[in-house]
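So the structure is just underneath, and the comments pick up after that.
The values are calculated or read from the model by the stated rules, or taken from the named source; none is laboratory data. Model, not experiment: these values are computed from the prediction. Here the Cβ positions follow ideal geometry from the backbone for every residue, glycine too, while neighbour counts run over all protein chains shown. Calculation scope for accessible area: heavy atoms of the full protein, side chains included, ligands and nucleic acids excluded. Shrake-Rupley method; radii C 1.70, N 1.55, O 1.52, S 1.80 Å.
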Amino acid sequence: GTRQCTHQYGRPVTELLVQEWCARGAAIVSGLANGIDTIAHESTLRNGGRTVAVIASGIDRITPLPAKHLAWRIVEHGGAVVSEHPCGVAALPPYFPARNRIISGLSSAVVVVESKRTGGALITADFALQQGTALYAVPGPITSHRSEGCNALIAHGTARMLCTADDVAELPPADGTLFERVALP
């Protein structure tokens, strides 16, 4: 979702969904960016779940500092930080879409909580469609530009509408051997 999420809608929706999916044993995959990504990772940790952060730099170049601290907490709690870049590589703009490809590829379902008409969340949605990953979008207020992307995905039939955690039909049962996966870009 968006880096500038709404505190009255995007934040509580993300926290509610993550809480319910963690209770079912799902792992949350996201991009360690500000906004919805950070909320998803933080909520997963608060709920005792597992989370995977996919980054667009080498693991030694995580920025900003709060993201670096969150990455350490993720690993300390049994999660993972994943990058296709070697140490020493800084995050550059072209690396973020590639990161989104990995987020979708690791996931059984991609859920877009809040998104403007353009942005990284919709890039992840495009990768989900290309990779055959189930795609969901949370409908948002028609007065919010931060919900325009989600509402468009639903209106065009590109994504299935998600109103409750139960709407994700592809969530595999937890068996303890592999991360069950849900991505929140």
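Picking from residues in region 1-49 that are of a type in the set (D, E, K, R) and within 18 Å of R73 (Cβ to Cβ), the one that is surrounded by the most Cβ atoms within 10 Å (Cβ to Cβ) is D37. Flag: I74 matches the condition of being under 19 Å from I39 (Cβ atoms) and either surrounded by fewer than 16 Cβ atoms within 10 Å (Cβ to Cβ) or of a type in the set (A, V, I, L, M) (or both). Out of curiosity, is V89 of a type in the set (V, I, T) and free of Cβ contacts under 8 Å to residues at least 40 places away in the same chain? For V89, the condition - of a type in the set (V, I, T) and free of Cβ contacts under 8 Å to residues at least 40 places away in the same chain - is met.
Please go through region 43-96 and give me each residue that is of a type in the set (F, W, Y) and within 22 Å of T14 (Cβ to Cβ), ordered by number.
W72, F96
Residues in region 143-169 that are touching a Lys or Arg at 6+ places or on another chain (Cβ under 9 Å) and surrounded by fewer than 15 Cβ atoms within 10 Å (Cβ to Cβ) were compared, and the one that is modelled with the lowest pLDDT is A169.
In the set (1) open to solvent by less than 20 Å² (accessible area, probe 1.4 Å); (2) at pLDDT below 95, A137 fails one condition alone, (2). Residues in region 51-71 that are modelled with pLDDT of 95 or more and loosely packed, with under 15 Cβ neighbours inside 10 Å: D60, H69. For the condition at negative phi and buried (at least 23 other Cβ atoms within 10 Å of the Cβ), N100 qualifies.
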